[in-house]
Amino acid sequence: FSLYKLGIFDPDDFNLELPWGLTSTTGGLMTFFVVFYNSHCFSRYMHLYQVCRGMLGQVLEIVSNLKGRISSQCHVRRISRYLIASCFVFFFELSEAEMSEGEWKQLLKYRLLEPHEVEQLKRLHPLGVLSFHVQQWALEVSMDSLPNIEDRDDLMNALFDKVYHIRSCQHKVRDVLALPMPFQYFHIMSFMLLINLTLWSYALGMQDSLFAPVVYTFIQLVFLCMRELSAALSDPFGDDDVDFPINEWLAETAKVAILMLEDNFDPKATLSREKSLNTVMKANQRKRVENGYEELGQEEDDE
């Protein structure tokens, strides 16, 4: 643009003029590639959000179900602790190939796992998925929570289905992250972006308007930012601004579960008093109706 304005280079002298209309075909094709890539990454982002939030919500539903149906609070606490720990371990496994000592200490600090349980998981780490092992522990404890387990198949089947739903959500997240957008597509899009930005810079540089550099800067900023945003949305487990606040979600789930488990309020304590009060109110209402009929009969006799 500066060479053209200073008269040092004139494309007409070399038949190198590039009308803006010639770039519309390649520009439209590149716009389609970028928008399609961004749409795919955003759909993937929202799918992962719904699966992760649904998994944590399922944990709270199980805790509520167990507290209302199992009388042994020690079993309820142990099962709930294992299920919450499985979510912590799952997200720790996503961020790193191997859990760090700081993450193990965090599980011990929140008392989600005991030291001997942590040691057992460390031994199992090379052999399988740790979060699924912790869920299996929760299921084994649930089998010991009822004295006549063979008579409560309905409760056990519902519990097993909910726990397996959590495992299914975790498996979906792993599968989605293991199948990103093909890398060849990303390279083709980046190559098209480079070629089009180069052509646009040349075409706009030959314009007489002083706003040409401003327009090119805006176009370049928008397309490059869309590409970077799409790359960040494709893997929302990390430290980027658009990544999921996993730590806040886990802390919220653990807090709600603990408050639910440790709430000693008995809503049935005043139920008998309310029943007796309703009985008295119905009796009084019946007496008022009978007295009304009697007064009405006396009035008819007087007439």
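The values are calculated or read from the model by the stated rules, or taken from the named source; none is laboratory data. Since we're looking at a predicted model, the values are computed, not measured. Heads up, the Cβs are rebuilt from the backbone with ideal geometry, glycines too, and the neighbour counts pull from every protein chain shown. SASA here: full protein model, heavy atoms, side chains in, ligands and nucleic acids out. Shrake-Rupley method; radii C 1.70, N 1.55, O 1.52, S 1.80 Å.
Among the residues of segment 193-218, just one is open to solvent by 50 Å² or more (accessible area, probe 1.4 Å), aromatic (Phe, Trp, Tyr) and within 16 Å of residue 21 (Cα to Cα), namely 202.
Against the list (1) free of Cβ contacts under 8 Å to residues at least 60 places away in the same chain; (2) within 30 Å of residue 68 (Cβ to Cβ); (3) open to solvent by less than 90 Å² (accessible area, probe 1.4 Å); (4) among the polar types (S, T, N, Q), the condition residue 253 fails is (1). Of all the listed residues (223, 183, 218, 191), the sole one being at pLDDT below 85 and hydrophobic (A, V, I, L, M, F, W, C) is 183. Yes or no: segment 260-272 includes at least one residue that is under 30 Å from residue 81 (Cβ atoms), charged (D, E, K, R) and at pLDDT 75 or above. Scanning segment 260-272, I find at least one residue that is under 30 Å from residue 81 (Cβ atoms), charged (D, E, K, R) and at pLDDT 75 or above, so the answer is yes. Kindly evaluate residue 118 against the criterion of being farther than 30 Å from residue 235 by Cβ and hydrophobic (A, V, I, L, M, F, W, C). For residue 118, the condition - farther than 30 Å from residue 235 by Cβ and hydrophobic (A, V, I, L, M, F, W, C) - is not met.
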